[in-house]
1. Taking into account only those residues within region 184-229 that are touching a strand residue (DSSP E or B) at 6+ places or on another chain (Cβ under 6 Å) and of a type in the set (Ser, Thr, Tyr), which is surrounded by the most Cβ atoms within 10 Å (Cβ to Cβ)?
2. For the subset of region 237-269 comprising residues that are exposed (fewer than 13 other Cβ atoms within 10 Å of the Cβ) and hydroxyl-bearing (Ser, Thr, Tyr), which member is modelled with the highest pLDDT?
3. Can you tell which of GLY123, GLY87, GLY96 is modelled with pLDDT of 95 or more and small (Gly, Ala, Ser)?
4. Give region 145-158 a look and list any residue that's in contact with a helix residue (DSSP H, G or I) (Cβ under 7 Å, 6 or more places away or on another chain) and on the phi < 0 side of the Ramachandran plot, or say none.
5. So which of ASN233, ASN244, ASN249, ASN282 is polar (S, T, N, Q) and on the phi > 0 side of the Ramachandran plot?
Amino acid sequence: MLNKKTIRIRVKNNKKKKIIKINTKRFFKSIIICILVVSSTAITVKKCIINKLFSNDMVQAYDVSNNKDVKKSLQNKDIDNKSSNMGSISKKSLEGKESGEKLYSNNSSNNKKDILKDAIFFGDSITESLSFYELLDESQVVGIKGLNVFKAEKQIDKLVQSNPKKLFILLGSNDVESGMDSKQFAQNYKKLMETIKFKMPDCKVYIQSILPVTEKVKQKQPNFSDLRINEFNDVLKKIAKDKNLEFINLLPVLEGKSSLYEPDGIHFKTGFYDLWIDYLKNNLSLN
């Protein structure tokens with residue numbers, strides 16, 4: 001008979017009968033524990049498999065997300081560095097100005113326009129480019145391609161209408177190129193100055209020197225020789241002195257800066273115009 005608490009099993013062993021007693025509570029507890037252990041092991045194995053299968057994708061996804069954050073962080077760092085560098089440059093520029101050091105920095109064109117707001121620049125195609133490169137407003141520039149001193153008299157009425165306080169004249173390159181002699185040039189220039197002073201008595205006139213050309217141009221066009229340009233500039237100096245006008249030697253703007261020339265060796269790139277205006281600002285009293 002079966003007892004409620006024990007199970008009796010009869011086993012034949014060497015013709016002897018043994019009776020084994022089993023505790024039912026312990027038996028069922030053991031089964032439950034085994035089931036739990038097996039279940040737990042199965043779950044762990046399942047997790048390992050899943051992790052192995054998806055770990056690469058997860059890492060890649062993490063890397064993509066993380067890279068975005070890293071890139072964004074680096075970009076922000078670059079911006080901070082640029083801002084810091086700009087601050088250093090500005091500080092250096094200010095220190096240079098305070099120490100009297102001449103700085104050809106990239107000043108805003110607005111500052112140049114403000115300083116020269118009551119001035120007119122008068123000349124040939126070289127002067128014309130001041131407005132083309134937006135160093136000055138068009139209303140401040142009377143520049144005409146091919147203009148020489150003789151033809152310049154016909155443009156004086158335009159200057160009178162503008163009523164400038166300062167007049168910067170750059171003429172003579174086309175006269176030099178034409179083969180005209182320095183005496184005729186002197187006569188034409190004197191007449192031009194007399195007409196300007198008669199029609200614009202309150203205007204301060206600045207006579208600027210004729211600019212040099214490249215060696216290649218001198219070889220091809222002998223009229224542009226240093227000898228002739230120097231001779232014509234001597235005429236301008238004398239007229240300025242005789243008429244009580246200001247003479248400005250622009251040669252220092254170009255010394256050692258052959259890269260400022262256009263391929264034709266006569267005209268100039270935009271960098272020259274910035275230096276030209278800065279040179280006037282730094283070396284003249286324009287108030």
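The values are calculated or read from the model by the stated rules, or taken from the named source; none is laboratory data. Not measured: the values here are computed from a predicted model. Cβ placement follows ideal geometry from the backbone for every residue including glycine, while neighbour counts extend to all protein chains displayed.
1. TYR206
2. Once the filter is applied, the top-ranked residue is SER259.
3. Values: GLY87 fails: modelled with pLDDT of 95 or more; GLY96 fails: modelled with pLDDT of 95 or more.
Selected residue: GLY123, the only one of GLY123, GLY87, GLY96 that is modelled with pLDDT of 95 or more and small (Gly, Ala, Ser).
4. LYS145, LEU147, ASN148, VAL149, PHE150, ALA152, GLU153, ILE156
5. Being polar (S, T, N, Q) and on the phi > 0 side of the Ramachandran plot holds for just one of ASN233, ASN244, ASN249, ASN282, which is ASN244.
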